[in-house]
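Student: Got a structure for you, questions after.
A short reminder: the numbers here are calculations on the coordinates, not readings from a lab. Computed from a predicted structure; not experimentally measured. In this analysis, Cβ positions are derived from the backbone assuming ideal geometry, glycine residues included, and neighbour counts consider all displayed protein chains.
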Amino acid sequence: MDVNKDIQSFKEKLEAVSEWPLLYMFKFIVAAEQEDEVREIFQTHEIKTKPSSNGKYVSLTIKMLANDADQIIEKYIETNKIKGIIAL
């Protein structure tokens, strides 16, 4: 798998279908104890959470006003460092 090629492809798709600035919505699922790690990355953005039925996991929906595709990609790269995170 070529990560750089995947990132470039994602960037091209974002740029092809978007007008900037863009209100972008991220969705993640993490273990409940890792919620603060995601919140740290998106400190100044609107975050809505929903715990799983057993409370072990939490889903996060985050809205971010992005000026370009690179800002969105940077956030995905940062969140990818969180062990076990699932991006939807």
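Student: Could you grab me the full set of residues in the range 14-47 that are within 13 Å of Lys63 (Cα to Cα) and hydroxyl-bearing (Ser, Thr, Tyr)?
Tutor: Hits for the range 14-47 are Tyr24, Thr44.
Student: Looking only at residues that are without any contact (Cβ under 8 Å) to a residue 12 or more places away in the chain and surrounded by 11 or more Cβ atoms within 10 Å (Cβ to Cβ) in the range 53-75, which one is farthest from Glu19 (Cα to Cα)?
Tutor: Ranking the qualifying residues of the range 53-75, first place goes to Glu74.
Student: Something else now. In the range 8-22, which residue that is free of Cβ contacts under 8 Å to residues at least 24 places away in the same chain and of a type outside the set (S, T, N, Q) is surrounded by the fewest Cβ atoms within 10 Å (Cβ to Cβ)?
Tutor: By that ranking, first place goes to Glu19.
Student: To continue, here is another question. Go through the range 1-83 and tell me which helices (runs of 4 or more DSSP H), entirely inside it, have 2 or more residues that are out of contact with any Lys or Arg (no Cβ under 7 Å at 6 or more places or on another chain) and among the basic types (Lys, Arg).
Tutor: 3-17
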